[in-house]
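Just below is one structure, and these are the notes that go with it.
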Amino acid sequence: MIFQNAIWQYPEYVENSITELAKSLDCSNVMAKLYYDRNLLTQEAVNRFLNPSLEGLHDPMLLIDMDLAKARIEQAVEKRESIWIYGDYDVDGITSIVILSKYFEYIGHQAFHYIPSRQDEGYGISEMGIDAIKAQGGQLIITVDCGITAVEQAAYAKSQGIDLIITDHHECQEELPDAIAVVNPKRGGYPFQMLAGCGVALKLAQAMLGDAFEKFYTQIIDIAALGTVADIVPLVDENRIITKIGLEHMNHTSNPGVQALLAEANLTDREVTAGHIGFVIAPRINASGRIGNPTIAVDMLLEKDYFKALEIAKSLSVLNAERQAQERAIMEEADYYIRHHIDLENERILLVVGENWHTGIIGIVASKLTEKYERPAIVLNVEDGMAKGSARSVTGISIFEVLSTFKHYFEKFGGHEQAAGLSFKAENISALKAALYQYGLDNIPKYKLATTRNVNGLLKPQMITHDLVEAIEHLKPFGIGNPKPQFVFENLKIDDYRIIGKTQNHLKLIVNDGFRVYDAIAFNKVEWIEAIRKSDPVHLLINLEKNHFMGVETIQFLIQDLIKDKLPVKPALEFGFQKAFYNYYSLDRHLSFNYDKILPQDLTKLIESEDKDVLIVDTYRGLLAFRDFVMGRNFYRYTLHFGNLDRLESREGYLDVVFMPLTLDSTPVEFKLHRLDEDEPLNTFIPNREDLVYFYKQVFQLNKTNLDEVSKKVRMSLAKVLFCLDLLSEMKLLSYTLFNKELELKFLPKPEQKINLDEVPLFKDLKDALSGAARRK
């Protein structure tokens with residue numbers, strides 16, 4: 001029985017080195033691994049990380065064009081010119097506007113701000129916005145969190161006699177806008193390139209003020225922390241300094257707007273964390289830019305009167321509730337679209353199209369689809385012949401890089417590795433869909449879509465102490481680049497369990513390690529209760545947390561994942577087996593049952609169909625859910641046969657259900673995976689270097705062929721053939737398409753530099769699997 005949402009990745013440590021590091025840092029081996037993961041190898045580096053200060057900020061004059069920006073702003077202030085701050089409508093853009101507005105207020109110069117309409121103008125600088133600023137006498141525009149791709153708009157501003165300074169943090173493209181200055185850490189030459197837009201705004205204020213910045217920063221550091229966390233940039237280097245100091249100031253902020261926001265979110269007198277910003281505070285501010293007027297959020301953060309700010313904060317909560325309702329509706333429609341228009345087996349990048357979807361919300365929906373379906377997602381809203389969309393991606397796949405390949409389709413495009421925005425003519429949707437389909441097959445091996453979770457250490461009984469939890473707490477704030485540590489605790493026993501929460505959707509376990517008893521909470525995992533029992537042994541992937549109740553502090557586990565009974569094989573092997581199974585038995589009509597991703601009416605239709613279909617159930621949870629579905633709907637007149645492969649050729653109008661857990665050390669129901677003997681050694685179907693060279697020479701210059709023919713020609717099993725194809729594809733030596741057993745090969749030019757096979761991710765996975773099998777023996 002396996003409940004597992006992700007593949008657990010264990011880092012490789014040289015234990016002697018960890019022990020030596022622990023001695024030098026005077027800490028436990030557990031903490032030494034956490035420091036090692038963060039490249040904190042000296043006491044000085046650890047102290048600098050745990051106690052960041054303003055002195056750690058880099059010289060802002062190292063940013064390209066910062067000198068030009070500084071000189072032009074000083075000139076504008078001296079001549080009392082009309083300065084306008086042009087920002088984006090998300091939290092990063094809003095906080096960036098507030099930071100520069102407070103700077104100009106601090107030096108006694110009034111500056112104005114402009115935020116484009118998401119619906120009418122879209123992201124970034126628009127000619128409409130430039131015209132509006134010119135009509136009000138604007139002479140200098142400073143962009144924040146936008147502008148790096150505004151080549152045409154910069155030219156237009158110049159033609160209108162308006163000077164432009166661009167500050168941005170998004171990816172640069174080949175041509176930069178013609179502006180007085182283009183300040184972006186990604187232009188190179190700066191020690192830290194991953195600042196948020198509000199971080200760049202802070203650096204501009206730092207450059208303008210010089211030493212006086214030390215007196216000014218307390219007015220904006222909590223605002224900068226808010227924008228930095230909300231924009232999901234890595235919380236390391238300058239971002240860590242901004243966020244850690246900013247969160248400390250937020251807990252006793254003097255800003256009435258922030259005070260009001262915390263009060264409305266029930267966070268007054270509580271320690272505000274990065275998690276609070278990401279899940280409670282930022283969505284309220286974002287709601288103003290998604291479905292309301294983002295200017296009110298700027299007004300709130302600049303407001304001097306607490307009660308006026310509180311009224312705005314309350315209106316933001318109302319907007320956020322409305323946004324959540326619209327988000328749920330769009331998510332349901334998007335799910336329906338995916339089930340009926342997308343081939344999840346082969347489409348590695350989701351392209352979801354709808355109408356009358358609020359463009360301010362589709363980015364959130366794209367994020368949720370990416371998480372749910374474990375692949376990049378692009379969500380488009382079509383209106384008046386134009387498609388406007390937001391894209392999100394999974395770790396390891398840059399959606400900016402993917403979409404840059406097809407930017408000739410787009411009217412507007414920009415973003416970074418994990419998120420992007422785009423707009424283009426709706427008539428190009430079909431062409432983009434086909435291009436993305438082929439790109440996915442050629443460049444994204446399916447195993448890369450498997451969710452992975454990094455394991456930071458293995459816990460054993462009596463290792464967990466309050467001192468350890470306290471030491472982990474000092475690593476805060478957690479986020480991208482500094483993730484909350486995750487540990488595996490094996491061989492725990494369940495003493496008790498129950499469902500908790502207002503909506504009864506969380507599971508609480510009482511587990512013991514033979515010495516102590518712990519509370520363990522699994523949020524939104526109530527379905528696990530179907531197959532766990534008291535005294536069951538489990539392996540948990542957890543975060544360690546403090547729990548305060550009635551004045552008593554205890555340690556509890558926050559469960560991220562759970563395995564019962566057996567550990568799974570790596571994802572590369574899972575997908576290799578699955579492909580081999582489907583192609584060997586030519587199952588043209590099959591359906592992989594997933595508890596979350598299939599409609600009841602689809603199952604009903606499948607069960608009642610006279611066609612000879614096969615239902616593949618690949619998790620125990622799915623098997624239980626399918627059983628309950630059948631029993632709950634009284635399909636008593638149909639025979640459900642839990643199949644054996646020998647009978648697949650002779651079905652008689654009933655549904656074959658094949659339970660295929662896809663693990664090496666488990667026994668599938670009544671059959672063995674593609675007829676491999678369970679005791680057969682792994683190296684009979686995992687290729688080594690010599691196999692790969694031999695395979696490439698044998699199939700080179702083949703074009704269209706048959707999988708069985710290739711298997712005979714190279715004298716390798718189907719699984720081994722498929723692994724060879726995937727490895728050569730990942731090495732960019734060939735690409736291939738496979739339909740049933742028909743194989744089409746396309747050989748690519750050999751790279752100029754020699755390929756280091758040990759650095760190919762799939763090959764590393766396969767080597768790990770082999771070494772793991774050897775250790776088990």
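The values are calculated or read from the model by the stated rules, or taken from the named source; none is laboratory data. Every value quoted in this text rests on a predicted model; they were computed, and no experiment measured them. As a convention, Cβ positions derive from the backbone with ideal geometry for all residues, glycine included, and neighbour counts pool all protein chains shown.
Listed conditions (1) of a type in the set (Lys, Arg); (2) in contact (Cβ under 8 Å) with a residue 24 or more places away in the chain; (3) exposed (fewer than 15 other Cβ atoms within 10 Å of the Cβ) are all met by residue 498, apart from (2). Right, residue 178: crowded, with 20+ Cβ neighbours inside 10 Å, acidic (Asp, Glu) and free of Cβ contacts under 8 Å to residues at least 40 places away in the same chain or not? Judged against the criteria, residue 178 is not a match.
Kindly indicate whether residue 234 is assigned to a loop (DSSP other than H, G, I, E, B), in contact (Cβ under 8 Å) with a residue 24 or more places away in the chain and either of a type in the set (Ser, Thr, Tyr) or under 30 Å from residue 319 (Cα atoms) (or both). Considered against the rule, which asks whether it is assigned to a loop (DSSP other than H, G, I, E, B), in contact (Cβ under 8 Å) with a residue 24 or more places away in the chain and either of a type in the set (Ser, Thr, Tyr) or under 30 Å from residue 319 (Cα atoms) (or both), residue 234 comes out as yes. Looking across segment 508-517 at every residue that is in a strand (DSSP E or B) and touching a residue at least 40 places away in the same chain (Cβ under 8 Å), the one that is nearest to residue 559 (Cα to Cα) is identified as 509. Among residues of segment 427-458 being surrounded by 20 or more Cβ atoms within 10 Å (Cβ to Cβ) and over 20 Å from the mean Cα position of the chain (by Cα), the one that is farthest from residue 398 (Cα to Cα) is 457.
Once segment 224-241 is narrowed to residues that are modelled with pLDDT of 95 or more, among the hydrophobic types (A, V, I, L, M, F, W, C) and in contact with a Leu (Cβ under 8 Å, 6 or more places away or on another chain), the residue that is farthest from residue 203 (Cα to Cα) is 229.
Checking each residue in segment 379-426 for being surrounded by fewer than 20 Cβ atoms within 10 Å (Cβ to Cβ), touching a strand residue (DSSP E or B) at 6+ places or on another chain (Cβ under 9 Å) and charged (D, E, K, R) picks out 383, 407, 411, 412, 425. Kindly establish whether residue 220 is among the β-branched types (Val, Ile, Thr), in contact with a Phe, Trp or Tyr (Cβ under 8 Å, 6 or more places away or on another chain) and more than 26 Å from residue 545 (Cβ to Cβ). Yes. Does residue 99 count as crowded, with 19+ Cβ neighbours inside 10 Å, touching a strand residue (DSSP E or B) at 6+ places or on another chain (Cβ under 9 Å) and modelled with pLDDT of 95 or more? Criteria met by residue 99. Total residues in segment 238-273 satisfying the condition of being outside any loop (DSSP other than H, G, I, E, B) and either among the hydrophobic types (A, V, I, L, M, F, W, C) or within 21 Å of the chain's Cα centre (by Cα) (or both): the figure is 13. Looking only at residues that are under 17 Å from residue 287 (Cα atoms) and at pLDDT 75 or above in segment 107-119, which one is nearest to the chain's Cα centre (by Cα)? Filtering segment 107-119 for residues that are under 17 Å from residue 287 (Cα atoms) and at pLDDT 75 or above, the one nearest to the chain's Cα centre (by Cα) comes out as 118.
Being of a type in the set (Lys, Arg) and under 23 Å from residue 484 (Cα atoms), is that true of even one residue in segment 244-252?
Looking through segment 244-252, at least one residue is of a type in the set (Lys, Arg) and under 23 Å from residue 484 (Cα atoms).
Condition check for residue 525 on (1) modelled with pLDDT of 90 or more; (2) within 24 Å of residue 452 (Cβ to Cβ); (3) of a type in the set (Lys, Arg): one failure, at (1). Scoring residue 571 on the criteria (1) buried (at least 19 other Cβ atoms within 10 Å of the Cβ); (2) over 30 Å from residue 736 (Cα atoms); (3) modelled with pLDDT under 75 leaves a single failure, condition (2). Considering 458, 432, 441, 475, the condition of being in contact with a strand residue (DSSP E or B) (Cβ under 9 Å, 6 or more places away or on another chain) and in a loop (DSSP other than H, G, I, E, B) is satisfied by 475 alone. Test residue 188 against the stated conditions and say whether it is on the phi > 0 side of the Ramachandran plot and either within 26 Å of the chain's Cα centre (by Cα) or of a type in the set (S, T, N, Q) (or both). When the stated conditions are applied, residue 188 passes them.
The residue pairs whose first member lies in segment 120-142 and is at positive phi, whose second member is in a helix (DSSP H, G or I), and whose beta carbons are closer than 9 Å, counting only pairs six or more residues apart or on different chains, are 124/153. The residues on offer are 563, 559, 532, and the sole one that is on the phi < 0 side of the Ramachandran plot, part of a loop (DSSP other than H, G, I, E, B) and surrounded by 15 or more Cβ atoms within 10 Å (Cβ to Cβ) is 532.
Quick check on this structure: which one of 296, 291, 281 is over 26 Å from residue 186 (Cβ atoms) and in contact with a His (Cβ under 7 Å, 6 or more places away or on another chain)?
Within the list 296, 291, 281, the selection yields 291.
If you go through segment 408-428 and pick out every residue that is within 17 Å of residue 353 (Cβ to Cβ), in contact (Cβ under 8 Å) with a residue 60 or more places away in the chain and either assigned by TED's automatic domain parsing to the domain that holds residue 170 or out of contact with any helix residue (DSSP H, G or I) (no Cβ under 9 Å at 6 or more places or on another chain) (or both), you end up with 1.
Report the residue count in segment 209-220 for those that are buried (at least 24 other Cβ atoms within 10 Å of the Cβ) and part of a helix (DSSP H, G or I).
The initial filter retains those residues of segment 209-220 that are buried (at least 24 other Cβ atoms within 10 Å of the Cβ), namely 220.
Among the residues that remain, those that are also part of a helix (DSSP H, G or I) are: none.
The number of residues fulfilling the criteria is 0.
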